[in-house]
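A quick write-up on the structure given underneath.
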């Protein structure tokens with residue numbers, strides 16, 4: 001993974017700095033959306049966010065990705081210091097084409113885990129070792145991780161980083177993603193509370 005370039009990123013929550021990294025073996029480009037001095041000794045507020053074109057850019061209601069991204073950026077801006085690592089791992093690592101195929105299977109009744117496995121993939125094919133060059137570039141070691149996914153906590157700890165705090169990052173369900181969130185909690189172990197039957201329209 002190589003650092004490539006940086007630029008200003010003004011948003012509705014404040015001005016971030018956008019840092020671009022390129023993965024050598026895949027040519028995928030990953031982003032660090034940062035605010036404040038990340039190299040100080042204080043733990044860094046951090047979000048590992050995997051790309052979701054349908055949720056992040058097309059405002060899909062069938063997942064919680066777009067609202068999670070917005071909430072993470074807002075939280076970083078409120079703190080004045082932190083980073084969102086935007087990882088190009090569409091569809092939990094299966095790519096956009098297969099993600100839409102998985103959506104089709106979900107439209108026919110499969111849940112999100114069943115759809116991925118029916119296509120011949122793991123339920124979650126994402127890899128987190130790609131974050132090491134980005135975190136090391138900013139000399140980040142101690143993090144306050146915004147996540148509901150225990151796998152992310154374990155992945156960072158296995159890479160040698162200190163997760164001093166897990167900050168819950170829940171989004172209120174809507175009628176389109178309620179079953180999806182229930183499946184994430186039941187089959188993928190995501191730490192979601194028990195009010196998944198309480199949705200917002």
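Considering each of 99, 24 in turn, give the residue that is without any contact (Cβ under 8 Å) to a residue 24 or more places away in the chain and closer than 28 Å to residue 122 by Cα.
24
With respect to residue 165, determine if the residue is over 22 Å from residue 63 (Cβ atoms), touching a strand residue (DSSP E or B) at 6+ places or on another chain (Cβ under 7 Å), at pLDDT 95 or above and part of a helix (DSSP H, G or I).
Here the answer is no, as residue 165 does not meet what is asked.
Among the residues of region 112-154, which ones are assigned to a loop (DSSP other than H, G, I, E, B) and farther than 26 Å from residue 20 by Cβ?
Selection gives 119, 120, 121, 122, 123, 148.
Pick out the one residue from 34, 72 that is surrounded by 21 or more Cβ atoms within 10 Å (Cβ to Cβ), touching a helix residue (DSSP H, G or I) at 6+ places or on another chain (Cβ under 9 Å) and not in a loop (DSSP other than H, G, I, E, B).
Only one candidate passes the filter, namely 34.
Applying the selection to region 130-143, what residues are surrounded by fewer than 18 Cβ atoms within 10 Å (Cβ to Cβ) and in contact (Cβ under 8 Å) with a residue 24 or more places away in the chain?
132, 133, 137, 138, 139, 142, listed by residue number.
Kindly indicate whether residue 42 is outside any helix (DSSP H, G or I), surrounded by fewer than 18 Cβ atoms within 10 Å (Cβ to Cβ) and in contact (Cβ under 8 Å) with a residue 60 or more places away in the chain.
Here the answer is yes, as residue 42 does meet what is asked.
Here's a check for you: in region 11-31, which residue that is assigned to a loop (DSSP other than H, G, I, E, B) and touching a strand residue (DSSP E or B) at 6+ places or on another chain (Cβ under 8 Å) is nearest to residue 172 (Cα to Cα)?
28
Out of all the residues in region 144-161, which are surrounded by fewer than 14 Cβ atoms within 10 Å (Cβ to Cβ) and within 22 Å of residue 65 (Cα to Cα)?
Listed by number, the residues that qualify are 150, 154.
Within region 81-93, is even one residue surrounded by 14 or more Cβ atoms within 10 Å (Cβ to Cβ), in a loop (DSSP other than H, G, I, E, B), touching a residue at least 60 places away in the same chain (Cβ under 8 Å) and out of contact with any helix residue (DSSP H, G or I) (no Cβ under 6 Å at 6 or more places or on another chain)?
Checking region 81-93: at least one residue is surrounded by 14 or more Cβ atoms within 10 Å (Cβ to Cβ), in a loop (DSSP other than H, G, I, E, B), touching a residue at least 60 places away in the same chain (Cβ under 8 Å) and out of contact with any helix residue (DSSP H, G or I) (no Cβ under 6 Å at 6 or more places or on another chain).
Quick one: residue 127 ticks every box in (1) in contact with a helix residue (DSSP H, G or I) (Cβ under 8 Å, 6 or more places away or on another chain); (2) exposed (fewer than 15 other Cβ atoms within 10 Å of the Cβ); (3) at pLDDT 90 or above; (4) over 22 Å from residue 95 (Cβ atoms) bar one, so which box is it?
(4)
Of all residues in region 107-124, which are free of Cβ contacts under 8 Å to residues at least 24 places away in the same chain, within 19 Å of residue 53 (Cβ to Cβ) and in contact with a helix residue (DSSP H, G or I) (Cβ under 9 Å, 6 or more places away or on another chain)?
Scanning region 107-124 gives a single hit, 115.
Among the candidates 53, 58, which residue alone is surrounded by 14 or more Cβ atoms within 10 Å (Cβ to Cβ) and modelled with pLDDT of 95 or more?
Answer to the check: 53.
The values are calculated or read from the model by the stated rules, or taken from the named source; none is laboratory data. Since the structure is predicted, the reported quantities are computational estimates derived from the model, not experimental observations. All Cβ positions, glycine included, derive from the backbone under ideal geometry; neighbour counts span all protein chains shown.
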